[in-house]
Amino acid sequence: MTSASSPASPAPFEELLPSTRRALLHRIAVAQSTERAPSLVAAVVRDGRMVWSDSRTSVDGHGPDADVQYRIGSITKTFTAVLVLRLRDEGLLDLDDPLEKHLPGTDAGGATIAQLLAHTAGLAAETPAPWWERTPGSLRPELADVLGEQSRLHPAGRLHHYSNPGYTLLGSLVEAVRGVPWEEALRAEILEPLGLDRTSTQPMQPHAGGWAVHPWADVLLPEPSEDLGLMAPAGQLWSTAADLCRFAAFLAEGDDRVLSAESVAQMRTPSAPPQAGDREGGYGLGVQLAHHNGRDLAGHTGSLPGFVASLWVSMADGVAAVALANATSSVKCGTLVSDLVRIVAEAEPRFPEPWRPLPEVDGELLALTGPWYWGTQLYGLRLTTDRGVALEPLGGSGRASGFKAAPDGTWTGLDGYYQGETLRVVRRPDGSVSHLDLGSFVFTREPYGPEVTAVPGGVDPEGWRGI
């Protein structure tokens, strides 16, 4: 096949346009000013690399850069979840295992590992008093001190109820299975492979100090910074905008040195519904899910006394953003970061990949393409890469799914209603195609056509008719 020469494809994005950079800076300037942050630093990732970072501060002539540490609070949970998924991928545990199998002796041993990751184990949101975020971890030296006398508030698996103690249990699970402290596993298995040299359990200079901003006056109060002890896997970490950009790129694409793209995608898949009253969120496995500005986002927010942080990834746009501030609660970091993603995605939309024909085609597969009917509803079957197929309704509503080819000649659903279901071709004795079977649903070439034996319950022998 020959073709005329064509214009070169657009070059990969390198830097943001000046107008986009100004819009980003304006957004963080508004946030720092109106929400009264002592300092705020933000950054944007596009197609896996940091393309912008800037900051605003209350100190004239001195602004933090992307290498200044802030405490990131519950973003720590996503790191802990990665460690747990690594154990699963190595075959050392199953997500459906009860915690008791690997970490015996706790009051939450009946909850599964998946339930703990998704905050559906029914555990309390916090530890018993005193407030764990403002007190040293030495006050809770044992897991029983973290869980308290009433650790279970809800039946396991029935309700999404965010639980900080649940991630303490997961950190202890990592230690029990790995045989090393959580901090050591974190450093060796995530921080070092991803090059997160400025992420640590204790602050390293340069780092921001944590502040509370008075709600009714422009005055400050320093916040304590405690070592959280057993609660560290729920919120201990300090990090930088630059390091979190690298982590955001990992959450989008995976990294085989740490966790495969398939396992990271599982983390981003909803495992728990939104809480009552929150119709824009959900939770995967250690990853918060949100729908802001018309976009599906995955990541996590975090806060500890003196600090707020947020990281969101938009897979559809190839854009992620992070923001860090050193104020206890005044800065709406999650909203800010979703706005940063929106600004870039709308000002400089992603180029679609060029259309290219398949490298080769199987004639038998090609013969399966085209219209198929489920009852009277019309669907279209088309080929995708690697001998996969997609089945989509043609007009009106319906259930669309992509399917991955299996070695036995069937396909497995990848998404939507048919995720995990099997699609197979049913042939007549002479080898010709009779119909498609999708999880017992029959798809025929004609709506209730002559292949009556394929349709459960049969078809009226008189066929189609008028009134």
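Filtered by the rule that a residue be farther than 25 Å from GLU149 by Cβ and touching an Asp or Glu at 6+ places or on another chain (Cβ under 7 Å), the range 82-126 gives LEU83, ARG86, ARG88, ALA114. Looking at ALA347, ALA367, just one residue is of a type outside the set (Lys, Arg), surrounded by 12 or more Cβ atoms within 10 Å (Cβ to Cβ) and in contact (Cβ under 8 Å) with a residue 40 or more places away in the chain, and that residue is ALA347. Restricted to the range 228-272, the set of helices (runs of 4 or more DSSP H) holding at least 2 residues that are over 24 Å from ARG71 (Cβ atoms) comprises 261-267.
Looking at the range 391-398, is at least one residue modelled with pLDDT under 90, surrounded by 10 or more Cβ atoms within 10 Å (Cβ to Cβ) and part of a loop (DSSP other than H, G, I, E, B)? Looking for residues that are modelled with pLDDT under 90, surrounded by 10 or more Cβ atoms within 10 Å (Cβ to Cβ) and part of a loop (DSSP other than H, G, I, E, B), one finds at least one in the range 391-398, hence yes. Within the range 426-444, restricting attention to residues that are surrounded by 16 or more Cβ atoms within 10 Å (Cβ to Cβ) and either in contact (Cβ under 8 Å) with a residue 40 or more places away in the chain or more than 29 Å from THR269 (Cα to Cα) (or both), the residue that is farthest from the chain's Cα centre (by Cα) is SER434. For the range 107-131, the set of residues classified as surrounded by fewer than 16 Cβ atoms within 10 Å (Cβ to Cβ) and aliphatic (A, V, I, L, M) consists of ALA125, ALA129, listed by residue number.
The residue list VAL30, VAL68, VAL45, VAL51 contains one member that is assigned by TED's automatic domain parsing to the domain that holds THR199, touching a Leu at 6+ places or on another chain (Cβ under 6 Å) and at pLDDT 95 or above, which is VAL51.
Of all residues in the range 82-106, none that is without any contact (Cβ under 8 Å) to a residue 12 or more places away in the chain has its Cβ atom under 7 Å from the Cβ atom of a residue that is among the small types (Gly, Ala, Ser) and assigned to a helix (DSSP H, G or I), 6 or more apart or on another chain.
Answer yes or no as to whether GLU192 is surrounded by 17 or more Cβ atoms within 10 Å (Cβ to Cβ), at pLDDT 95 or above and out of contact with any Asp or Glu (no Cβ under 6 Å at 6 or more places or on another chain). No.
For the range 132-155, a residue qualifies if it is surrounded by 13 or more Cβ atoms within 10 Å (Cβ to Cβ) and assigned to a helix (DSSP H, G or I), and the qualifying residues are TRP132, GLU133, ARG134, GLY137, LEU139, LEU143, ALA144, ASP145, VAL146, LEU147. For the range 71-117, the tally of residues that are charged (D, E, K, R) and closer than 18 Å to LEU186 by Cβ stands at 6. Tell me whether the range 163-180 contains one or more residues that are assigned by TED's automatic domain parsing to the domain that holds ALA212, assigned to a loop (DSSP other than H, G, I, E, B), in contact with an Asp or Glu (Cβ under 9 Å, 6 or more places away or on another chain) and in contact (Cβ under 8 Å) with a residue 60 or more places away in the chain. No; the residues of the range 163-180 include none that is assigned by TED's automatic domain parsing to the domain that holds ALA212, assigned to a loop (DSSP other than H, G, I, E, B), in contact with an Asp or Glu (Cβ under 9 Å, 6 or more places away or on another chain) and in contact (Cβ under 8 Å) with a residue 60 or more places away in the chain.
The condition of being free of Cβ contacts under 8 Å to residues at least 40 places away in the same chain, closer than 22 Å to TRP52 by Cα and crowded, with 19+ Cβ neighbours inside 10 Å holds for only one of ASP317, ASP339, that being ASP317.
Looking at PRO305, PRO215, which one is closer than 23 Å to PRO64 by Cα and either crowded, with 21+ Cβ neighbours inside 10 Å or of a type outside the set (Val, Ile, Thr) (or both)? Just a single option satisfies the conditions, and that option is PRO305.
Scan the range 404-425 for residues that are surrounded by 12 or more Cβ atoms within 10 Å (Cβ to Cβ) and either at pLDDT below 90 or part of a loop (DSSP other than H, G, I, E, B) (or both) and the total you get is 7.
Scanning the range 50-104 for residues that are part of a helix (DSSP H, G or I) and surrounded by fewer than 17 Cβ atoms within 10 Å (Cβ to Cβ) yields ASP89, GLU100, LYS101. Among residues of the range 271-284 that are under 11 Å from ALA118 (Cα atoms) and in the same structural domain as TRP312 (by TED's automatic domain parsing), none has a Cβ under 6 angstrom from a residue that is of a type in the set (Ser, Thr, Tyr) and modelled with pLDDT under 65 at a sequence gap of 6+ or on a separate chain.
Comparison of LEU383, LEU414 shows that the only residue that is free of Cβ contacts under 8 Å to residues at least 40 places away in the same chain and in contact with a Phe, Trp or Tyr (Cβ under 8 Å, 6 or more places away or on another chain) is LEU414.
The values are calculated or read from the model by the stated rules, or taken from the named source; none is laboratory data. Please read these numbers as outputs of a predicted model, since none were measured by experiment. All Cβ positions, even for glycine, are placed from backbone atoms using ideal geometry, and neighbour counts span all protein chains on display.
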